[in-house]
There are 2 protein chains.
Amino acid sequence: MSTYQVTASATTPTQVEVAARQFRFLIDEPADLGGEDAAPNPVEYSLAALLGCFNVVVHLVARERGVTVTKCSLAAEGDLDPAKVLGQQTDARAGFQQIRLQVALETDADAATNQQIIDEAKGRCPVGDNLANATPLEITLA
Amino acid sequence: MSTYQVTASATTPTQVEVAARQFRFLIDEPADLGGEDAAPNPVEYSLAALLGCFNVVVHLVARERGVTVTKCSLAAEGDLDPAKVLGQQTDARAGFQQIRLQVALETDADAATNQQIIDEAKGRCPVGDNLANATPLEITLA
């Protein structure tokens with residue numbers, strides 16, 4: 001089992017500086033959500049994590065099948081009703097109601113093989129699994 | 001309803017360059033996962049998104065209650081069995097089996113109020129909702 005750890009400190013009410021191993025980066029909100037728009041916002045990073053993860057797994061599955069990937073471009077989008085995060089009475093959930101991931105893949109294999117690679121990658125992508133399925137989330141006040 | 005969109009292109013089998021509105025950043029894997037370790041990896045970005053999101057919602061809930069937050073530091077960790085992503089026979093899921101988020105919060109309110117803020121923020125955090133609960137994830141080959 002591998003344990004991954006990330007820490008963050010608020011630099012404004014909407015902005016954190018994140019530390020992940022030797023890396024440091026900002027997360028912020030755009031002006032219409034009260035931030036200074038200094039960096040992508042949290043839900044954009046969540047979609048980006050999905051793209052980054054899916055790319056790794058697509059290449060891994062392709063290599064296992066002896067397929068060479070010459071191009072892999074990905075786009076993700078998600079629909080979010082901000083009512084709950086803003087504290088309004090709503091039946092809508094807080095997060096994305098649906099996430100759509102489109103993959104443009106160029107390989108030396110045929111279209112059916114490319115589809116099989118995508119299908120297998122879906123079940124083996126860690127970030128995709130954590131979005132598609134429930135995960136115990138424990139939040140404690142230090 | 002707000003729709004968020006992010007795109008990415010593979011620059012190596014483990015690395016993507018991400019575009020989110022005007023922002024560009026890299027995601028990579030460390031050397032032991034086959035990458036060049038040029039940037040945080042996908043699951044680290046997923047945890048970071050949770051921290052960034054929770055920070056925003058904590059400040060929002062505190063402000064609604066007339067509470068001033070003077071410090072908010074967050075740490076998240078998750079346990080992941082790499083067997084499935086590596087294609088081994090396993091009953092383990094691909095993603096984090098559990099995620100733990102610790103919040104260190106300094107405010108002008110008492111400890112019980114701080115705990116209430118955390119409890120309410122948990123239900124209103126979009127990224128936390130998408131991790132804790134299942135979300136339809138549609139993956140298509142372009």
So, first residue without any contact (Cβ under 8 Å) to a residue 24 or more places away in the chain in region B:75-87, second residue acidic (D, E), Cβ within less than 7 Å, six or more apart or across chains; the pairs are B:G87/A:E64
Taking region A:91-122, which residues are out of contact with any Asp or Glu (no Cβ under 6 Å at 6 or more places or on another chain), at the interface with another protein chain (Cβ under 7 Å from one of its Cβ atoms) and open to solvent by less than 60 Å² (accessible area, probe 1.4 Å)?
A:F96, A:I99, A:L101, A:V103, A:A104, A:L105, A:N114, A:I118
If we scan region B:40-60, do we find a residue that is under 24 Å from A:V43 (Cβ atoms), in a loop (DSSP other than H, G, I, E, B) and touching a strand residue (DSSP E or B) at 6+ places or on another chain (Cβ under 6 Å)?
yes
Scan region B:1-57 residue by residue and report those that are under 23 Å from A:A132 (Cα atoms) and surrounded by fewer than 16 Cβ atoms within 10 Å (Cβ to Cβ).
B:M1, B:S2, B:T3, B:Q5
For B:V67, all conditions in the list (1) more than 20 Å from A:F54 (Cβ to Cβ); (2) at the interface with chain A (Cβ under 8 Å from one of its Cβ atoms) hold save one; what is the number of the exception?
(2)
Run down B:S46, B:S9, B:S73 and say which single residue is touching a Leu at 6+ places or on another chain (Cβ under 9 Å) and within 27 Å of A:R65 (Cα to Cα).
B:S9
Quick one: how many residues across region A:16-39 are at the interface with chain B (Cβ under 8 Å from one of its Cβ atoms), assigned to a strand (DSSP E or B) and more than 20 Å from B:T70 (Cα to Cα)?
3
One residue is enough: does region B:89-98 have a residue meeting the conditions part of a helix (DSSP H, G or I), hydroxyl-bearing (S, T, Y) and within 26 Å of B:P13 (Cβ to Cβ)?
no
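The values are calculated or read from the model by the stated rules, or taken from the named source; none is laboratory data. Since we're looking at a predicted model, the values are computed, not measured. So basically every Cβ, Gly included, is an ideal-geometry build from the backbone, and we count neighbours across all protein chains shown. The protein model used for the area step is the full one, side chains on, heavy atoms only, and it has no ligands, DNA or RNA in it. Shrake-Rupley method; radii C 1.70, N 1.55, O 1.52, S 1.80 Å.
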